[in-house]
Every structure is written in structure tokens, then in C-alpha cells.
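What follows is a set of notes on a single structure, which appears directly below.
The values are calculated or read from the model by the stated rules, or taken from the named source; none is laboratory data. Keep in mind it's a predicted model, so treat the numbers as computed, not measured. Cβ: placed from backbone, ideal geometry, glycine included. Neighbour counts: every protein chain shown.
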Amino acid sequence: MLKKIILSLSLLSYPLIALADQVKLNDDAPKTHVVVKGDTLWDISALFLEQPWLWPKLWRLNPEINNPHLIYPGDVLKLVFDENGEPMLVVEPVKPSYKWSPKIRQEKKKDSAITLLPLEVVAPFVRYDHLFTEDELESLPHIIGSDEGYRMTTKDFKVYVNADLEVAQSYAIYDKGEEIFDPETDDSLGFYVNLVGTGQVLQRGDMENSVPSTMNVGSVKREIHAGNYVVPVNEGQLLPAVFSMKAAKDGLRGSIVKATSEGREFAKLEVVMINRGLDHEVTVGDVMAIKRTSPAVVDTGSGPAYVAETSRWNKMTGGDYKMPEEKLGELMVFKVYQKASMALILTTQKPARLNDIITAPK
């Protein structure tokens, strides 16, 4: 079950999926489902549909479900079919009870409604950029020093920036992180920078006369030092209320190149980076399959053997097989860069890993 969600959703803000996308029910789709705390529209749709990203076709406007964010824990959803034989979900009416007894009045809280995806998980990554190219980094202003004269790890101190920054504007402070490379081409995808703190400009600079801007550091995640990059942040920006989910384009193929958790394996609700972006026509909301090629096998004199467990001679002389790619999960892109994208893992049957393949979900 997912944790408490803060993402609000309005079905009316979604365009309908193209009619060419055929809704296919799972073979074991239940007839009814009781909504529980932590459910999301994606989870519920996945119970019924082979392609959960087609959920708007299942949650169609009808008298019972006129807006999915009005679905609450305890509601009973029933799978029915319209006059054209197409599946849809309705809320099973609650049978009236005539038994009178004193009880505490209960009201549904606004934040308990069922939502699409956990925006709170991706919100930090939407608010702050996490991938910059070498050219982008060179163009960014940076910290040249502080009022204390040494590196600081506490908040509420002043730093000076070599640019004419706007007074009261908020900025993110980054340290240059590792360079990410495309495992297929060895081309640089950019630098995954680390957020070290945030601050607000107190005094505008005048770089024509070599006067830096003064910024108060309000929060610190790790040590801040000269050379850290400064990037404007709109603290009042509106995070996306919805993600218009759709299947990634046919023919798309890439791989997972980084996990923000830095772990060796990662699962549902973890954020990963893939080596496909604007250059590959990737867009926000694209749903992709996560796949992995089964372990390689070769024929040897004593029968089939896994390549990883056999001798070098057998690897050279044995006939090998083209092993299939097995699907192990799905992810959704929520932020797109030129050559890469960040995505949220939606489901996994087994832990995903670096270099796992990503493709169109069909």
C-alpha cells in the first residue's frame, strides 16, 4: 500500500485517450474492489486493466464516479459494462440502515480522497533541477565566499555570489556531482548535481563595479563552499496537479542509468534516471516498461550452461542463444532533459537495477 498522498486530481483536466487504444481487462480482474487507505487510481486500475495508463477509460464520467478524487476508503467499486460492452467502474450504492444508535459523527477529510500518484515523492525533483550539462554549469553564477570567511554547515549566514541577483528571489545552491554517461554511446548526459542548500538574496550586486550579490542561506543540507552553483528557484511555483499518462512511443528503447537512492537495486516509488530525453521525443507522463534480458546460455560438451558460470573456452566455442527480455515493471517519466529523463517506478515484480532496459509498454 502506498503512503499518504498529497496529489489532488481532477478527471476533467485529462484529455481522453485515443480510441485506437483498446481497453483490455486482466484475466483475473475482480468484480468488485473495496477502496482502502493508500490506494491510488493507478493501483486500482492495474487490478482491472492490462494497461493501467488507460485508466481514464475505466473511470468514465457517470453518476456514481463523476470525479475520481471523490472516491474514499471504504467505497465499494463495481466493474460493469456499458451498452457497447466496454468496461467501467461505478460505486456500489450503500444500502440504507434503519438501526438507530448513538455514534460519533464522521466526516471525510479533504486529504483522504483517492489520488493518481504520490506527488510528494517526486515534488523535490520537480522543484529542483538535478542534471546540468557542462555548458550550463559554466554559465551559472557561483558563490565566491561568505561573511564568516570559512566553510559553513549551519543556516542563517551570508554568502556572496558573482552575479547581479534579484532581491528577495530564492535560489538553490548546488555542488557539482558525478558526470553521467550513456552506457550505449559513452556520451555525457550531464552532471547530476547535489542540492546543498537554499537561500534568499538580501542585496543586489553590481558586477560592472565588481560588487557581488549578498544572499542569506536559510537551509543547509551539507557543507557549502566557494564554487557552489546558484540557480533561481520560484518557491511559490505550482507543482503539476496531474500527469497526463500515456504509453511511450513505439520503438523507444533505452536503459536506466542512475537511481537517486544510490542503491544497487530499487523498487516501487523510487526515482531513477533513463538515457532518453527530448532528443528521443520523450515527454512528461510517458509510461515505459522495465525489462531485463535473461542470463545468457551457451551449448557446451556437457550440455547448456550459463555464460557466467562456464569456461572461457566454452564461451568461445559454444553455440549461444538469443535470450528473451522479460518485463519486470513499469515507470513513468515526470521530468525531461535534453538527453535524459527522470522517472518514478510504478510497479516491480522484482527489484530493478542499473542498465535494465526501458521500452514502450506494449
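What number goes with the only condition from (1) closer than 21 Å to Asp156 by Cα; (2) at pLDDT 90 or above that Ala247 does not pass? Failing condition for Ala247: (1). When the strands (runs of 3 or more DSSP E) confined to region 263-362 are screened for residues that are within 25 Å of Gln22 (Cβ to Cβ), those reaching at least 2 such residues are found at 286-293, 325-336, 341-348, 357-359. If only residues of region 247-292 that are polar (S, T, N, Q), out of contact with any helix residue (DSSP H, G or I) (no Cβ under 8 Å at 6 or more places or on another chain) and touching a residue at least 12 places away in the same chain (Cβ under 8 Å) are counted, the one that is surrounded by the most Cβ atoms within 10 Å (Cβ to Cβ) is Asn275. Looking across region 130-179 at every residue that is without any contact (Cβ under 8 Å) to a residue 12 or more places away in the chain and part of a loop (DSSP other than H, G, I, E, B), the one that is surrounded by the most Cβ atoms within 10 Å (Cβ to Cβ) is identified as Glu148.
Step by step: first the residues of region 182-195, then only those that are touching a residue at least 40 places away in the same chain (Cβ under 8 Å) and either in the same structural domain as Thr260 (by TED's automatic domain parsing) or not in a loop (DSSP other than H, G, I, E, B) (or both), then the one that is surrounded by the fewest Cβ atoms within 10 Å (Cβ to Cβ). Which residue is that? If we take residues in region 182-195 being touching a residue at least 40 places away in the same chain (Cβ under 8 Å) and either in the same structural domain as Thr260 (by TED's automatic domain parsing) or not in a loop (DSSP other than H, G, I, E, B) (or both), then Ser188 is surrounded by the fewest Cβ atoms within 10 Å (Cβ to Cβ).
I'm trying to understand the selection: among the residues of region 156-179, which are over 31 Å from the mean Cα position of the chain (by Cα), over 20 Å from Glu223 (Cβ atoms) and hydrophobic (A, V, I, L, M, F, W, C)?
Scanning region 156-179 gives Ala163, Leu165, Val167.
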